[in-house]
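Working notes, structure below.
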Amino acid sequence: MEKIKNTVERIGIKYGLLTFVALVAYFLLMQAVGLGHIIELRFLNFIILAYGIYYAIMKLKSEASEDEFYFKGLAEGVVTSMVGVIPFAAFVGFYLAYIDPNLMNEIRQNVPISGYINTFSAFVVVNLEGFASGVLITYVVMQYFSSVEHKETKRPYVKEKSHIET
């Protein structure tokens, strides 16, 4: 049986779904401990998304050739962030509309444009934050992997045999 090759889409879906699960788990954990109303804790969503994108690009780097890595890596980061962020934004919108509408009221009380905040706008804002963060993270991670130290080989821990006899 032929082994199925990992593609940008396959890797992106896998790591995007893992990122989505981590974002939902973090959100529910913050709700369970009573910290869900603290909007500033969204910063940790950035960290979770960064780990998902980093590991997806690292997986791609281990399988892609150097010639095609950069553009595929950019696509990998975007796919991973889209797959992670869109369902998370939908989850947040659903949660605010049907599970805990009181949280939406708390959010409205803490923002200056409270008259314009609803579940759809929360969905849009979470998507925009996630996409912007995903693009930024992807760019930074690709610069990291494109640096001289990371261009050596796909398997940096395997030493090559020397052709010089001693």
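Report whether or not Ile164 is at pLDDT below 85, part of a helix (DSSP H, G or I), over 30 Å from Thr7 (Cα atoms) and β-branched (Val, Ile, Thr). Quick ask: steps written out before the conclusion?
Values: at pLDDT below 85: yes; part of a helix (DSSP H, G or I): no; over 30 Å from Thr7 (Cα atoms): yes; β-branched (Val, Ile, Thr): yes.
No, not satisfied.
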Being more than 11 Å from the chain's Cα centre (by Cα), within 20 Å of Glu106 (Cα to Cα) and of a type in the set (A, V, I, L, M, F, W, C) narrows it down to one residue among Val8, Val33; which is it?
Val33
Of (1) surrounded by 12 or more Cβ atoms within 10 Å (Cβ to Cβ); (2) polar (S, T, N, Q); (3) over 16 Å from the mean Cα position of the chain (by Cα), Asn127 fails just (3)
Taking first residues from region 31-44 that are touching a residue at least 40 places away in the same chain (Cβ under 8 Å) and at negative phi and second residues anywhere that are acidic (Asp, Glu) and surrounded by 11 or more Cβ atoms within 10 Å (Cβ to Cβ), the pairs with Cβ under 7 Å that are 6 or more apart or on different chains are His37/Glu106
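Look at Lys154 and say whether it is at pLDDT below 75 and within 26 Å of the chain's Cα centre (by Cα).
When the stated conditions are applied, Lys154 passes them.
Given region 18-124, what helices (runs of 4 or more DSSP H) lie entirely inside it while holding 2 or more residues that are surrounded by fewer than 16 Cβ atoms within 10 Å (Cβ to Cβ) and either touching a Leu at 6+ places or on another chain (Cβ under 7 Å) or hydrophobic (A, V, I, L, M, F, W, C) (or both)?
Ranges flagged: 43-63, 66-94.
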So Thr19 ticks every box in (1) more than 20 Å from Leu74 (Cα to Cα); (2) polar (S, T, N, Q); (3) at pLDDT 95 or above but one. Which box is left unticked?
(1)
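Does Ile137 satisfy the criteria of being surrounded by 14 or more Cβ atoms within 10 Å (Cβ to Cβ), modelled with pLDDT of 80 or more and in a helix (DSSP H, G or I)?
Numbers: surrounded by 14 or more Cβ atoms within 10 Å (Cβ to Cβ): yes; modelled with pLDDT of 80 or more: yes; in a helix (DSSP H, G or I): yes.
Yes.
Are any of the residues in region 59-72 more than 30 Å from Gln109 (Cα to Cα), in contact (Cβ under 8 Å) with a residue 60 or more places away in the chain and of a type in the set (Gly, Ala, Ser)? Spell out how you get there, then give the answer.
Step one: of region 59-72, the residues more than 30 Å from Gln109 (Cα to Cα) are 59-72.
Filter again for in contact (Cβ under 8 Å) with a residue 60 or more places away in the chain, leaving 61-63, 66, 69-70, 72.
Going one step further and asking which of them are of a type in the set (Gly, Ala, Ser), we end up with 62.
Looking through region 59-72, at least one residue is more than 30 Å from Gln109 (Cα to Cα), in contact (Cβ under 8 Å) with a residue 60 or more places away in the chain and of a type in the set (Gly, Ala, Ser).
The values are calculated or read from the model by the stated rules, or taken from the named source; none is laboratory data. Worth saying up front: this structure is predicted, and the values here are computed from it rather than measured. FYI the Cβ positions are ideal-geometry reconstructions off the backbone, even for glycines, and counts take in every protein chain you see.
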